[in-house]
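**Q** Here it is, the structure in full.
The values are calculated or read from the model by the stated rules, or taken from the named source; none is laboratory data. Not measured: the values here are computed from a predicted model. So basically every Cβ, Gly included, is an ideal-geometry build from the backbone, and we count neighbours across all protein chains shown. Each accessible area value is taken on the protein alone, full model and side chains, heavy atoms only, with ligands, DNA and RNA left out. Shrake-Rupley method; radii C 1.70, N 1.55, O 1.52, S 1.80 Å.
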Amino acid sequence: MKLTTALGAIAVATLMAGSAQAVDFNGAGASFPAPVYQSWGAKYKEKTGNALNYQSIGSGGGQNQIINRTVDFGASDAVMPSEKLASAKLLQFPTVIGSVVATVNLEGVETKKLKLTGAILADIYLGKITKWDDAAITKLNPDIKLPSQAVVPVYRSDSSGTTAIFTGYLNEVSADWKSKVGSATSVQWPVGAGAKGNEGVTGTVKNTKGGIGYVEYIYASANNLVVTQLQNKAGKFVAPEVAGFQAAAASADWKGAKDFAASMINAPAENAWPIVSPTYVLLPKDPKNIEASRETMKFFLWAYTKEGAEIAEKLHYIPLPADVVKQVEEAFKAEIKTPDGKPVL
Amino acid sequence: MDATMDTRGGGQIEPITKAKATGAVSDPIFIALLWASGIFVLLLLGLIIAQLFMGGLPALQHFGLDFIWTANWNPVTENYGALVMIYGTLFSAVIAVVVALPLSFGIAFFLTEICPQAFKRPIGVAVQLLAAVPSIIYGMWGFFVIVPLMAAYVQPPLIETLGQVPILGLLFSGPPLGSGMLTAGLILAVMILPFITAMFVETLESVPPMLKESAYGVGGTTYEVYKNVSIPYGRTAMVGAIMLGLGRALGETMAVTFVIGNATRLSASLFAPGATIASTIANEFPEAPIGSLKLTSLLQLGFILFVISFIVLALSRALVRSRLD
C-alpha cells in the first residue's frame, strides 16, 4: 500500500517534471536575421528555459535542411515558390523586416547626402555609368562637387539573400537590368568586383576610391558607413531611416499575398525606402517533433510581442506590423497539424 | 644494462626450446593491418573521385562537354560553364609559382651555403612557421593589408605606364581595385613558399660536399657552383617540389576568395577580378539547393579541379622519372 503511494508520487512527480522539462528546438538558415534570432533565443531561454539552437548557414542551406527535416525550422531571406512549399509541406511566414542600402567612398561626400535613383544604380552595375561626374548623377546633386573618378561597383561574391533583394529592386526599376542580368541570390555581374559578406563589401568600398556597394542596413548603421539617398516610387528622395522602412512594410499588401510573400520592394508610400524586404521562416505543416514545433511557434509569437520587438529594434530590424502578426498566428492554428489532424498550437 | 637483466632473470638463461613462436599469429595480423591501411587510402580516393563524378554527372549531361570551355556562369538563367574558373585557377597558380620560385631558390641556397650557423635556425623556423599560418589568416592579411597597398601604390603607376603599351598593356589594364589575379597570385606565392623552400633545402643538403668542393677547387664562383653543380644534382627533386607547390596553389580556397575579386568574367589583365574553381565553390555552395543544376555544376567543378591536380601530379612524376633515366 505504502509502496503504491510512493510509486504514484514518483509517477506524478515525473509527469510534472516532464511537462516542465526544457524543450530545445533547432533552426538553420539565413545569416541576415541570425543576430536577432540569437538575441531572442537568449532572452527566451532566460524566461522559459527552452533553448533555441540557430545555425546561420545561408538561406539556401536553410531551405535544404527543412526540406530534409533535419531541423525544426528553416530560415530564408528569399521567398520559396508556392509549388515548392506545397510539395515540401511547409508554412512560410515573415519574422522581421530588413533593408538594403547603398554605401559609397567619395571624397567630400557625407552620409545621407548623395542622391541616386534606382535607374542610376542599375546603370552603374551594368557598366553604363563609369564616372562619378556623369551627367545623370551631377544633375541630381548640384550642391555636391563630384570628382571625375571611375565608379567601381562592388557586390557580394557569396550568394546571399541581400543580393537577391538588391537585384530584385534593380529588376523593378530597370527593364535593361531585368533582361540582361535578372535577380537571384547570386548573378552574373557585368562589371565590378566581388567581396565576401557584408564586411568584405564594406572593406572593398573603403579601400577603393570611387567605390560603391550595397549592404544590409543593420550592418551600415552599426559601422557608420557613408550611405546614399534613393528616389522612391513616389518620386521623393529619401535617406535610409527606420520610419521609411516601416512605411514600406505597412504599405505592402499582406492580405492579398500568398504564403506571406508580400513585396515591399519599391513601395508606393510617400516616404518609403525602396529596398525593403521581410525575412522568412519555414515550418513543417506535418511536424515530426510536435513539442519542438509547438515551441517554435510559441517562440515566434513571443518574439512578435513588445518585448521581442524591442530587442529587434535595438539591433535595427523592423518588427512586423500588428495585423500581419495576427495573420501569422491564425496560419499557425490552421495549418500546423499533428498526424491525427489536431492543431499543434 | 646487461647486469640488470641478468639479475631479473635470476641469473639463469632459459633454454631456447621453451620460447614460443609468437610471430606465427601476430605477424600475419600485423601484415593484414598494413594491407588494410594501404587499401584504405586507395579506396577512399576512389570513392571521393566517384562521388564527385556522379554528383557532377547531371551538369555534364545537361551542358555536355561544352561545360568545360564555356565562359559563362549565370545563376539566373541557370547557365553554367567552367572556363573562367579553370583559367583563373591555372593563371593564379602560375603567377604564384613564378613569384615563389626565385625566392625559394634564394632562401634555400642562402640557408645551405651562405648563412652563418647562428642565423640558420631562426630563418629556417621562420620559413616553417609561414607554412603553419592558417589560410584564413593569409586571406585577412591579404584583404586588409595587401589589397589596399596594391590599389594605392602598385596598380595605378603600372596602369599608367605599362598599361599604355599596346598588347602588353592588356596585362595591366582595368581599374585599380587592389584585388584581382595578381594579388591572389602574390598571396599564393607566400603560401607555397615554405613548401618549395623546405624541399629545396633538403635537396641542396644532399649534394655531396665533395662535388661542391671540387667545383670550388677548380675556381668556380659561388654562383657557378650553385648553377652548375647543386641545381643539376637536385634537379629532379626540385621539379617535384615546384609541382607540389603548384598543386597546393591550385586548390587553395579561403585566402584566394578574399583577394581575387570574385568575378565570373574572362580577362587577360593581371589586375582584373577573377575566380578560381575553389573560390567559386566556397562562394556558391551555401546557396545551392539540393538537386539543383547549380549544385551539380559545382560538384562537376570539383571533379575538374581533381583532374587538374591529378594531371599536375602525374606530370611531375613523369618529369622526375625522365630525368632519372
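**Q** Karplus couplings for segment A:80-96 from phi (6.51 cos²θ - 1.76 cosθ + 1.60, θ = phi - 60°), rounded to Hz, Gly and Pro as x?
**A** Using θ = phi - 60°, the values come out as 8, x, 3, 4, 5, 4, 5, 5, 8, 6, 10, 9, 10, 9, x, 10, 9 Hz.
**Q** ³J(HN,Hα) across segment B:56-71 via Karplus (A = 6.51, B = -1.76, C = 1.60, θ = phi - 60°), whole Hz, x for Gly/Pro?
**A** Rounded to whole hertz, the list is x, 4, x, 5, 5, 5, 6, 9, x, 5, 4, 3, 6, 10, 9, 8.
**Q** Here's a follow-up. Per residue, what volume in Å³ does the convex hull of the Cα atoms of chain A enclose?
**A** Working: hull volume 48.1 nm³, N = 345.
Per-residue hull volume (Cα only) is 139 Å³.
**Q** Charges on Cβ only, +1 for Lys and Arg, -1 for Asp and Glu, centred on the Cα centroid of segment B:63-324; of B:Val145, B:Val97, B:Thr221, which one is farthest towards the dipole's positive end?
**A** B:Thr221
**Q** Sticking with this structure for a sec: Net charge near A:Ala257, counting Lys/Arg +1 and Asp/Glu -1 over other residues with Cβ under 15 Å of its Cβ?
**A** Values: positive: A:Lys255, A:Lys258, A:Lys326; negative: A:Asp253, A:Asp259, A:Asp323, A:Glu330.
Charge balance in the 15 Å sphere: -1.
**Q** Note down the magnitude of the dipole of segment A:88-132 about its Cα centre, charges +1 on Lys and Arg C-beta and -1 on Asp and Glu C-beta and zero elsewhere, to the nearest 20 debye.
**A** Details: 6 positive and 3 negative charges, 27 e Å.
Around 120 debye, computed over segment A:88-132.
**Q** Next up: Reachable aspartates and glutamates from A:Lys233, Cα under 13 Å, same-chain residues fewer than 8 places away excluded?
**A** A:Glu172, A:Glu270
**Q** List the residues, sorted by chain then number, that are 5 or more residues from A:Leu116 or on another chain and whose placed amide H is less than 5 Å from its amide H.
**A** Correct list: A:Gln229, A:Leu230, A:Gln231.
**Q** Below 18 Å, Cα to Cα, which aspartates and glutamates can A:Lys45 reach? Residues fewer than 8 away in the same chain don't count.
**A** Within reach: A:Asp24, A:Asp72, A:Glu291, A:Glu295, A:Glu307, A:Glu310.
**Q** Please give the net charge around B:Ala131, taking every other residue with its beta carbon less than 15 angstrom from that of B:Ala131, where Lys and Arg add +1 and Asp and Glu add -1. Don't jump to the answer; show the numbers that get you there.
**A** Values: positive: B:Arg248; negative: B:Glu202, B:Glu252.
Value of the local net charge: -1.
**Q** Report, please, the projected area of segment B:94-142 averaged over directions, based on the convex hull of its C-alpha atoms, in nm².
**A** Details: hull surface 16.1 nm².
With every direction weighted equally, the projected area is 4.0 nm².
**Q** State the Kirkwood hydrodynamic radius of segment B:148-227 in Å, one decimal place, computed from all pairs of distinct Cα atoms. All intermediate terms of the calculation are to be shown ahead of the outcome.
**A** On the way: mean 1/r = 0.0615 Å⁻¹.
One over the average 1/r among Cα pairs gives 16.3 Å for segment B:148-227.
**Q** I'd like the Karplus ³J(HN,Hα) series for segment B:285-297: coefficients 6.51, -1.76, 1.60, θ = phi - 60°, whole numbers in Hz, and an x wherever there's a Gly or Pro.
**A** Working through the residues one at a time gives 4, x, 10, 9, x, 4, x, 7, 4, 5, 5, 5, 5 Hz.
**Q** Taking only the alpha-carbon atoms of segment A:146-290, what semi-axes of the equivalent ellipsoid follow from 5 times the gyration tensor eigenvalues under a square root, in whole Å, largest first?
**A** Numbers: eigenvalues 150, 80, 51 Å².
Here the semi-axes work out to 27, 20, 16 Å.
**Q** Also, quick follow-up: Per residue and in Å³, how big is the convex hull formed by the alpha-carbon atoms of segment B:153-285?
**A** Values: hull volume 19.5 nm³, N = 133.
That works out to 147 Å³ per residue.
**Q** On to the next question. Taking a 32 Å limit on the Cα-Cα distance, which of the listed pairs A:Lys43/A:Lys342; A:Lys206/A:Lys326; A:Lys196/A:Lys285 fall beyond it? Don't jump to the answer; show the numbers that get you there.
**A** Working: A:Lys43/A:Lys342 30 Å; A:Lys206/A:Lys326 43 Å; A:Lys196/A:Lys285 35 Å.
The answer is A:Lys206/A:Lys326; A:Lys196/A:Lys285.
**Q** Measuring with a 1.4 Å probe in the full set of protein chains, what accessible area per residue, in whole Å², belongs to the protein assembly as shown? Don't skip to the answer; put the middle values down first.
**A** Values: 32050 Å² over 670 residues.
It amounts to 48 Å² per residue over the protein assembly as shown.
**Q** Sticking with this structure for a sec: Loop by DSSP (not H, G, I, E, B), at most 12 other beta-carbon atoms within 10 Å: where is the longest site-free stretch of chain A for trypsin sites (Lys or Arg not before Pro)? Before the final figure, lay out each step's value.
**A** Values: sites that count: A:Lys145, A:Lys255, A:Lys288.
Longest site-free region, per DSSP loop and neighbour criteria: A:1-144.
**Q** Separate question: Could you work out the mean count of beta carbons from other protein chains within 10 Å of each residue's beta carbon in A:173-183? Don't jump to the answer; show the numbers that get you there.
**A** On the way: counts 0, 0, 0, 0, 0, 1, 0, 1, 3, 4, 1.
Per residue, the average neighbour count from other chains is 1.
**Q** Obtain the radius of gyration and the Kirkwood radius of segment B:63-324 from its C-alpha atoms and give Rg over Rh.
**A** Values: Rg = 20.9 Å, Rh = 20.1 Å.
Dividing the radius of gyration by the Kirkwood radius yields 1.04.
**Q** Further question: If Rh is defined by the Kirkwood formula over all Cα pairs and Rg also comes from Cα, what ratio Rg/Rh do you get for segment B:254-325?
**A** Values: Rg = 16.1 Å, Rh = 14.3 Å.
Rg divided by Rh gives 1.12.
**Q** Could you tell me the center-to-center distance, by alpha carbons, between segment B:24-93 and segment A:278-345 in angstrom?
**A** 42 Å
**Q** For B:Met85, what charge total do you get from the other residues with a beta carbon under 12 Å from its beta carbon, if Lys and Arg give +1 and Asp and Glu give -1?
**A** Working: positive: B:Arg265; negative: B:Glu284.
Residues close to B:Met85 contribute a combined charge of 0.
**Q** Could you please tell me the mean projected area of the C-alpha convex hull for segment A:278-345, averaged over all directions and given in square nanometres to one decimal?
**A** Values: hull surface 18.4 nm².
Computed as one quarter of the Cα hull surface, the answer is 4.6 nm².
**Q** I would also like to ask the following. Could you tell me the accessible area of A:Asp133 in Å² (1.4 Å probe, neighbours in place), rounded to the nearest ten?
**A** Probe radius 1.4 Å; accessible area of A:Asp133 about 60 Å².
**Q** Under the rule of -39500 (n - 2.57) per DSSP H run of 4 or more residues, summed and divided by the residues of chain B, what mean residue ellipticity at 222 nm is obtained, to the nearest 500 deg cm²/dmol?
**A** Numbers: 14 runs with 213 residues, N = 325.
Helices in chain B give a 222 nm mean residue ellipticity of -21500 deg cm²/dmol.
**Q** Summing -39500 (n - 2.57) over the DSSP H runs of n ≥ 4 in chain A and dividing by its residue number, what mean residue ellipticity at 222 nm do you reach, to the nearest 500 deg cm²/dmol?
**A** Details: 14 runs with 147 residues, N = 345.
For chain A, the value works out to -12500 deg cm²/dmol.
**Q** Using alpha carbon centroids, what distance separates segment A:112-152 and segment B:182-205, in Å?
**A** The distance from the Cα centre of segment A:112-152 to that of segment B:182-205 comes to 45 Å.
**Q** What is the spread of the Cα atoms of the protein assembly as shown along each of their three principal axes, largest first, in whole Å?
**A** 97, 92, 51
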